[in-house]
Amino acid sequence: MTIRAYCTITADTPHWSKKGKSVIYKTRAQCYGNVPSVQLKVTSKLMRAGAPKPLVAATAKKTQTVRTGGGKATFYAPVPNGKKVKYSARFWGQSTAQIVSPIVGTKTQVVSKTADLKPK
């Protein structure tokens with residue numbers, strides 16, 4: 001049997017999380033295939049506008065098991081209980097996702113919309 005699997009990823013617009021007390025960015029994945037699950041590696045960056053070039057406000061790397069058949073997973077930047085981003089700026093997120101097991105898939109990239117945020 002040839003293993004076939006793929007995941008679609010979307011990027012939520014960064015927002016202020018009351019619970020997390022930080023600006024956060026979420027990457028959402030939904031996976032499909034002819035195997036029960038895949039290991040999906042997601043590298044996320046919460047970016048902020050800066051001069052002369054954009055700056056990285058927070059990063060996150062996580063590999064997790066995602067069930068296929070429409071299985072959903074959410075990846076956060078910064079990671080829960082990690083570095084807090086508590087300043088006003090224009091933010092956006094960018095992520096790269098890749099299935100790493102049971103096959104190695106193609107890297108997929110996604111970028112979110114921008115948001116001007118102020119900590120509450």
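The mean of 1/r over all pairs of different alpha-carbon atoms in segment 1-59, once inverted, gives a Kirkwood hydrodynamic radius of 14.1 Å.
Under 5 Å between amide hydrogens, built in the peptide plane, is the criterion, and for Thr114 it picks out nothing among residues at least 5 positions away or on other chains.
Measure off, as a whole percent, the carbon and sulfur share of the 1.4 Å-probe accessible area of segment 1-109, all protein chains present. Mind dumping the intermediate values first?
Numbers: 3160 of 6270 Å².
Reported share for carbon and sulfur atoms: 50 percent.
Given q = 0.12 Å⁻¹, what are the Debye log10 I(q)/I(0) values for the chain, with equal point scatterers placed on the Cα positions and solvent ignored? After summing over all Cα pairs, the log10 values are -0.44. In units of the rule-of-thumb radius 2.2 N^0.38 Å, segment 77-120 shows an alpha carbon radius of gyration of 1.58.
The values are calculated or read from the model by the stated rules, or taken from the named source; none is laboratory data. Remember, it's a predicted structure, so these values are computed and weren't measured experimentally. Just so you know, the surface numbers come from the protein's heavy atoms only, side chains and all, with ligands and any DNA or RNA stripped out. Shrake-Rupley method; radii C 1.70, N 1.55, O 1.52, S 1.80 Å.
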